[in-house]
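See structure below.
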Amino acid sequence: MKPHILVADDENAIRVLLSEYFRQQGYDVTTAETGRAAMKLADEGRFDLAILDIHIKDENGLHLLGYFKTNFPKLPVVMFTGLPQGDELLEQAMARGASGFMRKTDSMDDLLAAVRVYLPKS
């Protein structure tokens, strides 16, 4: 069974890019445009990793992270951001249980390497 990744980002281009790329790398991918949609999908399905935009439409990224860590404590959650390094929100996300973070400016190879690090080993 392929690892299943949830990608939550309000930018359609980002959702399409990440879902197509990770599918080409052998992953199942489900996307959500809003924080509420991501929570609903997580409640209904099983994911091996979640990638959450820290500034997603309709939801505070830290609140969304809190929801995932409360309801799915073993699920690795990677915050996805366009913010500069050292940003206070990123530090708060790490303190609240994010497994890590990726930048929207990172190369696709770097993103894939990060996902492989955070995915649970079978």
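Rounded to the nearest 20, the Cβ-based charge dipole of segment 10-58 about its Cα centre (Lys and Arg +1, Asp and Glu -1) stands at 60 debye.
With the Cα gyration tensor of segment 1-41 giving a ≥ b ≥ c as the square roots of its eigenvalues, does the rule (a/c under 1.5 for rounded; else a/b larger than b/c for prolate; else oblate) give rounded, prolate or oblate? Because a/c hits 1.5 or more and a/b fails to exceed b/c, segment 1-41 counts as oblate.
When the Gaussian network model of the chain links Cα atoms closer than 10 Å, the mean-square fluctuations of GLY66, GLY45, GLY100 top out at GLY45.
The Cα-based radius of gyration and maximum Cα-Cα distance (Dmax) for segment 37-96 are 11.2, 34 Å. Comparing THR105, THR34, THR81 in a Gaussian network model of the chain (Cα springs below 10 Å), the most mobile by mean-square fluctuation is THR105.
Simple point charges give the picture: +1 on the Cβ of Lys and Arg, -1 on the Cβ of Asp and Glu, and for the chain a dipole about the Cα centre of about 480 debye. The listed residues ARG36, ARG103 rank as ARG36, ARG103 when sorted by accessible area, largest first, using a 1.4 Å probe. Applying 1/(1 + (r/R0)^6) with R0 = 30 Å to the Cβ-Cβ distance of MET1 and ASP43 gives a FRET efficiency near 0.90. Applying Stokes-Einstein at 37 °C and 0.692 mPa s to the Kirkwood radius of the chain, computed over alpha-carbon pairs, gives a translational diffusion coefficient of 233 µm² s⁻¹. The 3J(HN,Hα) values that the Karplus relation (6.51, -1.76, 1.60; θ = phi - 60°) gives for segment 10-22 are, in residue order, 7, 8, 4, 4, 5, 4, 5, 4, 5, 5, 5, 5, 5 Hz. Gly and Pro appear as x. On a per residue basis, the chain carries 52 Å² of accessible surface, using protein heavy atoms and a 1.4 Å probe.
The values are calculated or read from the model by the stated rules, or taken from the named source; none is laboratory data. No experiment lies behind these values; they were computed from the predicted model shown. Methodologically, a virtual Cβ is constructed for each residue, glycine included, from the backbone with ideal geometry; neighbour enumeration extends over all protein chains shown. For accessibility, only protein heavy atoms count, side chains too; no ligands or nucleic acids. Shrake-Rupley method; radii C 1.70, N 1.55, O 1.52, S 1.80 Å.
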